[in-house]
There are 2 protein chains.
Amino acid sequence: VSLESQLVAWLQAKIPPQECVSLGLGDDAAVLRGGDGADVVVTTDMLTDGVDFLLDQVDLRAVGHKALGVNLSDLAAMAAVPTAAFVSLVLPRTGSQNFSALELAQELFQGMFPLAEDFGVAIAGGDTNTWDGPLAISITALGATTERGPLVRAGGKPGDKLLVTGSLGGSLLGRHLQVEPRVREALMLHACYDLHAGIDISDGLALDVSRLAAASDCGAVLDLSAIPLTEAAHRMSQQDGRTPWEHALGDGEDFELVLAVAAEIAEKIIQEQPLKIPLTAIGELIAEPGLWQTTAGQPTPLAPTGFIHE
Amino acid sequence: VSLESQLVAWLQAKIPPQECVSLGLGDDAAVLRGGDGADVVVTTDMLTDGVDFLLDQVDLRAVGHKALGVNLSDLAAMAAVPTAAFVSLVLPRTGSQNFSALELAQELFQGMFPLAEDFGVAIAGGDTNTWDGPLAISITALGATTERGPLVRAGGKPGDKLLVTGSLGGSLLGRHLQVEPRVREALMLHACYDLHAGIDISDGLALDVSRLAAASDCGAVLDLSAIPLTEAAHRMSQQDGRTPWEHALGDGEDFELVLAVAAEIAEKIIQEQPLKIPLTAIGELIAEPGLWQTTAGQPTPLAPTGFIHE
């Protein structure tokens, strides 16, 4: 059990439910009740040197892009329209890679600007600090729900099909930095079809599906042979001898969406293929808790592999 | 010029004005337009080991209290009702002070809970990470404006009197950790009187007054002899030989409010003393830019001392 999930469990027991919070700790983002119309969706994610990237080796603009992108991916998972982002930095006093601390900050922001513009996100504030420690970037992103309300993890039902956008695995070969948040895809699907639940794949398909299932009081069974694989998953498999499916299940940082929808809606979506990227049925929610696979006919238990944050 | 103000100036030139942001970079907080009624006020502040506290010496609950308190003080400066806070931590992997990393996080939160309860703030999300670096705490707090709208830095006019809540100076002797955000005071004053502009004293009276004045396209003149001094300012003065006024002007972290109000309203407020803490007139805004003092009769320039963030 990760430190973060221990802490969240402790906080959930400690913090009483609050009137203004319709969805708090434990989803991709929190939902705060707006006065009249739209609710405000808030998510926050921090990237740190040595854990999420190696400062002396990485393209700083790519780190800036990723720091904003992972937050937008969380908003996509809630089917929220991104509105604003707040960027807090703590910078190594002496900079890095021949960049001063100020230049380092500017490079990070230069990496955020195209993504912010693309998704209409206002970089509206933040806090900038220097210290003798390594670089950390904390971004809080806000979004607005549409009239369909937020898409949450908890709405899945036994019998729902699990759909995934795009293809999975091998993100370490580059994609983990080149996050393409599925905001438009989520909004389009949420507007046109009745989606029961959704999550983005940040820590790994197996882990994130088991989270969606658990939040929905269900289990999940995955048909491994149906999982769409990236070319990178195949390449990594050739290098390290693990199967491409293991990479798809456990690598994480695909930033694709997993959606739970009623079987008949799933059939319609799969047939209509309304996105520019493919939508694939990879399994279903079941009443029995736990994560299962069916490649070999009978369901057998599947480990919820993925990146466990310490 | 600090790194942060260089970065903010660069960002202001880079980032086009955005429709949803009615007040962005450069005030105590950003104001995002709500659909109908209330605007959303957002502020974010990060505290770091070695800069804002020394982890191996400090009371961890006091650090948690302060981390939330400084954000609530920014909301107070905007006369916003606090609603929710999002807490991102990056923890030293091995913990500190015989606390594991998890216990360290729990101590920080234990320090936040009483303040959150007191001000009705929902701790609604966050992100928790561990690494080999020192502790950093980044909190983003959200608030709602009242029907009077946000109190901003930019509304002051020449001739406005400057009022300050409480007394100032010597925060290092303890108060810098025991932040008492002036949320209720700001809301009460904003509801009952016509306030032109406001700011909280985080970096020092002289610096923060000059920020309010500059944002209002004014200068400011302070009557040093009128500045209410804390007992701590006197004590520090005895220890270090600097005058207590220097401490009041430059120490910062008083987390009191400075307000700009028309002269007749100032007179009314001073006479009515509607708060449990004193309100004192300490100077006024003038058309001439810059910061001035009048202790010795003629206005003489006053350095905008205070804590300059690197």
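Computed values, structure above
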item: Enumeration of residues in segment A:114-141 that are more than 7 Å from every other protein chain (Cβ to nearest Cβ) and either aromatic (Phe, Trp, Tyr) or farther than 15 Å from A:LEU47 by Cα (or both); result: A:PRO114, A:LEU115, A:ALA116, A:GLU117, A:ASP118, A:PHE119, A:GLY120, A:VAL121
item: Boolean, A:THR48 is among the β-branched types (Val, Ile, Thr), touching a helix residue (DSSP H, G or I) at 6+ places or on another chain (Cβ under 9 Å) and buried (at least 22 other Cβ atoms within 10 Å of the Cβ); result: no
item: Filter pass, B:SER138 being over 22 Å from B:PHE86 (Cβ atoms) and among the polar types (S, T, N, Q); result: no
item: Matching residues, segment B:63-93, being in a strand (DSSP E or B), free of Cβ contacts under 8 Å to residues at least 60 places away in the same chain and in contact with a strand residue (DSSP E or B) (Cβ under 7 Å, 6 or more places away or on another chain); result: B:ALA84, B:ALA85, B:PHE86, B:VAL87, B:SER88, B:LEU89, B:VAL90, B:LEU91
item: Any chance B:SER225 is of a type outside the set (Val, Ile, Thr), in a helix (DSSP H, G or I) and modelled with pLDDT under 95; result: yes
item: Any hit, segment A:67-76, residues being within 11 Å of another protein chain (Cβ to nearest Cβ) and among the hydroxyl-bearing types (Ser, Thr, Tyr); result: no
item: Lone qualifier among A:ALA136, A:ALA80 - being within 27 Å of B:LEU55 (Cβ to Cβ) and small (Gly, Ala, Ser); result: A:ALA136
item: Residue count, segment B:142-190 (criterion: of a type outside the set (A, V, I, L, M, F, W, C), surrounded by 19 or more Cβ atoms within 10 Å (Cβ to Cβ) and within 14 Å of another protein chain (Cβ to nearest Cβ)); result: 4
item: Some residue of segment B:195-204 being modelled with pLDDT under 95, under 26 Å from B:ARG235 (Cβ atoms) and charged (D, E, K, R); result: yes
item: Matching option when the condition is in contact with a strand residue (DSSP E or B) (Cβ under 9 Å, 6 or more places away or on another chain), more than 8 Å from chain A (Cβ to nearest Cβ) and either free of Cβ contacts under 8 Å to residues at least 60 places away in the same chain or at positive phi (or both), among B:LEU102, B:LEU108; result: B:LEU108
item: Of all residues making up segment A:94-141, the number that are charged (D, E, K, R) and either crowded, with 24+ Cβ neighbours inside 10 Å or in a loop (DSSP other than H, G, I, E, B) (or both); result: 1
item: Test: residue in segment A:46-55 that is within 7 Å of chain B (Cβ to nearest Cβ), at pLDDT below 95 and touching a Leu at 6+ places or on another chain (Cβ under 7 Å); result: no
item: Pick from segment B:10-38, criterion within 21 Å of B:SER210 (Cβ to Cβ) and assigned to a loop (DSSP other than H, G, I, E, B), ranking: modelled with the lowest pLDDT; result: B:GLY24
item: Residue within segment A:294-307 that is within 20 Å of A:LEU177 (Cβ to Cβ), at pLDDT 95 or above and away from chain B (no Cβ under 14 Å) present; result: no
item: Hits in segment B:122-141 - residues which are at pLDDT 95 or above and of a type in the set (A, V, I, L, M); result: B:LEU135, B:ALA136, B:ILE137, B:ILE139, B:ALA141
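The values are calculated or read from the model by the stated rules, or taken from the named source; none is laboratory data. Nothing here was measured: the structure is a model prediction, and the numbers come from that model. Positions of Cβ are backbone-derived with ideal geometry, glycine not excepted, and every protein chain shown enters the neighbour counts.
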